[in-house]
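Reading through the structure tokens given below for one structure.
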Amino acid sequence: MTAALDISAPAEWQALGLVPGLSLRVFGMRRSGNHAILAWLQRNAPRGRSVFLNNCKPGTDPLHNARGIEVNGCHASHNQAKRNLPAVTQKAGDGALFLVSYEDTSPAEFDLSRQPSGAFDEALFSHNVLIYRGFLNWSASLLKKIQANDGYTLVRRNGIVLRAMDSYIRLLGLVRQAQDLGLVAICYDRWTRSAEYRAALLQQLGLAEHDNSLGEVQSYGGGSSFQKQASSAAELQTDRRWQQMRSDAEYQALLHLAARDPALLSELEELFPEDAAYLKTVAQHQPLPQGEGL
């Protein structure tokens, strides 16, 4: 009998159409490897069965405010899911992995009066997962992605990056407290480098290891901003994004601002000391020529 017909199941699972074996709520800033990690989680779902609600609207019930859905690792009809979610999820069935993702936010942006998933019962999530990435490569990738939007002025796109930096700082604050708060933190940089790290995370989340590879490049967000032709994630040089952007005047300006933010530097010193050290060298230089001027 499916959860939709089981009156003893929580209302949320009845609305979903199944009772998950494991439910994960995932938070991460854009360009942090979110979809690579989410695809990896789906590949390691019990018997390959999963339901993934992508990029849900923060502060609302994810069952009604996702921007996309995948079932058993394949894209499903979003319009049909809006009309009848259980009809779409029935291919996964009870015991499947249930994934909910939120972008450009974290629990740090919420309080008791406003929860990340609105009225959805927080206790139904087995784990809350934080995905994070080193500052230099993350900010370079984000700016590169936004620069591709011809409809944005320079001021607008840099405003977007600066607002994202503000949320990024608070996300890192949660990452440092993850163990005490019962959160699972996944560092994208380590995730790409170490199969052992990935295996340990699967064990921590309660998933058996079926496919611990990096998988294929995900199409979400247009794929890689730097390597459009790459199909395998193993081909991506994600640890060199900031070097590829260091001659870009906009990126240089952003780094000069970031280098003068004590809150950001404090978090980076704990989690990404090499990034913090580089920003400190940036702060030693004036961003404009000194002298008589005009």
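The values are calculated or read from the model by the stated rules, or taken from the named source; none is laboratory data. Being a predicted model, the structure only gives us computed values, none of them experimental. All Cβ positions, glycine included, derive from the backbone under ideal geometry; neighbour counts span all protein chains shown. These area figures cover heavy atoms from the full protein model, side chains too; ligands, DNA and RNA do not enter into them. Shrake-Rupley method; radii C 1.70, N 1.55, O 1.52, S 1.80 Å.
What to note about this one:
- Counting only DSSP H runs of at least 4 residues, each contributing -39500 (n - 2.57), and dividing by the residue count of the chain, the helix-based mean residue ellipticity at 222 nm comes to -11500 deg cm²/dmol.
- Here's how it looks for residue 23: its modeled amide H is under 5 Å from those of 98, 126, 127, which are all 5 or more places away or on a different chain.
- Under 18 Å, Cα to Cα: Lys pairs in the chain, sequence gap 8 or more or different chains: 4
- Pairwise FRET efficiency - residue 162 versus residue 284, Cβ, R0 = 25 Å, nearest 0.05: 0.70
- Cα coordinate range in the range 64-156, projected on the principal axes (Å, largest first): 46, 33, 24
- Backbone phi angles across the range 76-84, fed through the Karplus curve with coefficients 6.51, -1.76 and 1.60 (θ = phi - 60°), yield HN-Hα couplings of 10, 5, 5, 5, 5, 5, 5, 7, 8 Hz in residue order; Gly and Pro are listed as x.
- Prolate/oblate/rounded label for the range 106-201 (Cα gyration tensor, a/c 1.5): oblate
- Of all accessible heavy-atom area on the chain, the percent that carbon and sulfur account for (1.4 Å): 49 percent
- Against the empirical curve 2.2 N^0.38 Å, the C-alpha radius of gyration of the range 1-91 lands at a ratio of 1.07.
- The residues of the chain expose, per residue, 49 Å² of accessible area to a 1.4 Å probe.
- Karplus (6.51, -1.76, 1.60) ³J(HN,Hα), θ = phi - 60°, over the range 245-259, in Hz, Gly and Pro reported as x: 10, 5, 8, 7, 4, 5, 5, 4, 5, 4, 5, 5, 6, 4, 5
- The angle between the Cα long axis of helix 195-205 and the longest principal axis of the Cα atoms of the chain comes to about 50 degrees, rounded to the nearest 10.
- Low-density loop positions, trypsin sites (Lys or Arg not before Pro), the range 1-103 - DSSP coil, at most 13 other Cβ in 10 Å: 67
- Equivalent-ellipsoid semi-axes of the chain, from the Cα gyration tensor, Å, largest first: 37, 19, 19
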